[in-house]
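Take a look at the structure set out below.
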Amino acid sequence: MTPEERRAFVRAHRTAVFGYARANDGPAMSVVYYAMDESDTILVSTLADRGKAKAVERHQEVSLCVLDEKWPITYLQVYCHATVDPDPEAAGDLAMRIAGVMTGRPVDESVRPLVIEGARKEGRVVLRLRPYATFETPPLHVYEETDLPLLVRATSASLPWDATTV
C-alpha cells in the first residue's frame, strides 16, 4: 500500500482492535470505534478510568488493527504514539463524531447538548493516536479447494507510515 492507500483505508473504516501494554500480565486488546482528523491523527473516545487511558499515560506506544467489516476480512496494523487529551469539550465533540461513525451518518446537532453532557458525566477523554509505522500482509483466502495451492505467504515487515515502498 502507498501512504495514500493506508490513509484511505483508515478513513474508510470505523472499527479497530486497540492494543496496549498492561501494567501486569500480557498485552490487552479492545474493540473500538474511531475517527481520523485532518492531520491523520486517529481519535478514540474512552473513559479516563479505563485501562486504555491509564495504559497510554504509562506507555505512549499503542497499536491499532483497523478492520474491514466485510468478509473476507482485511486489516491494516498501525503503530501509534498516543496521548490522552482530557479536554471535556474535545471529548464531547468526539462523542458526536463517533455517534455518527456508529450510525453511518452524521448525528443531528439537536442532540449535541445531550451527548456532550453524557461524555462529561462519564469522564470521557480523547486518545490521540499519531501513526508512525504500519504492518501489512495482503490477505489470502480460500473460496474453494482449488485455492489451496495459492496459500503461500511471504514474510512481512513493519514500515514507516509514510513509506512509499516496502
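The values are calculated or read from the model by the stated rules, or taken from the named source; none is laboratory data. This structure is a prediction, so every number in the text was calculated from the model and none was measured. For neighbour counting, all protein chains shown are included, and Cβ atoms are generated from backbone atoms with ideal geometry for every residue, glycine included.
Numbers for the structure displayed
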read-out: Of all residues making up region 116-165, the number that are in contact with a Pro (Cβ under 7 Å, 6 or more places away or on another chain), at pLDDT 90 or above and farther than 24 Å from ASP40 by Cα; value: 1
read-out: Qualifying residue in region 104-118 (condition: out of contact with any helix residue (DSSP H, G or I) (no Cβ under 6 Å at 6 or more places or on another chain), buried (at least 18 other Cβ atoms within 10 Å of the Cβ) and either without any contact (Cβ under 8 Å) to a residue 12 or more places away in the chain or assigned to a strand (DSSP E or B) (or both)); value: no
read-out: Subset of region 63-78 (residues that are under 10 Å from the mean Cα position of the chain (by Cα) and of a type in the set (Ser, Thr, Tyr)); value: SER63
read-out: Close pairs (6 angstrom Cβ cut-off, 6 or more residues apart or separate chains): of a type in the set (Val, Ile, Thr) and at pLDDT 90 or above in region 20-43, part of a strand (DSSP E or B) and crowded, with 18+ Cβ neighbours inside 10 Å anywhere; value: VAL32/ALA16; VAL32/PHE18; VAL32/VAL44; THR41/ARG128; ILE42/MET36; ILE42/LEU129
read-out: Pick from region 37-58, criterion charged (D, E, K, R) and not in a helix (DSSP H, G or I), ranking: nearest to GLU89 (Cα to Cα); value: ASP37
read-out: Single residue of region 21-47 satisfying the filter (surrounded by 11 or more Cβ atoms within 10 Å (Cβ to Cβ) and of a type in the set (Ser, Thr, Tyr)) that is farthest from ASP68 (Cα to Cα); value: THR46
read-out: Conditions (1) surrounded by fewer than 18 Cβ atoms within 10 Å (Cβ to Cβ); (2) free of Cβ contacts under 8 Å to residues at least 60 places away in the same chain; (3) in contact with a His (Cβ under 6 Å, 6 or more places away or on another chain); number of the one not met by PRO72; value: (2)
read-out: Answer from THR15, THR46, THR2 - the residue that is farther than 23 Å from GLU122 by Cα, among the hydroxyl-bearing types (Ser, Thr, Tyr) and in contact (Cβ under 8 Å) with a residue 40 or more places away in the chain; value: THR2
read-out: Test: residue in region 80-92 that is in a helix (DSSP H, G or I), of a type in the set (A, V, I, L, M, F, W, C), surrounded by 15 or more Cβ atoms within 10 Å (Cβ to Cβ) and on the phi < 0 side of the Ramachandran plot; value: yes
read-out: Residue match in region 59-71 (condition: basic (Lys, Arg) and part of a loop (DSSP other than H, G, I, E, B)); value: yes
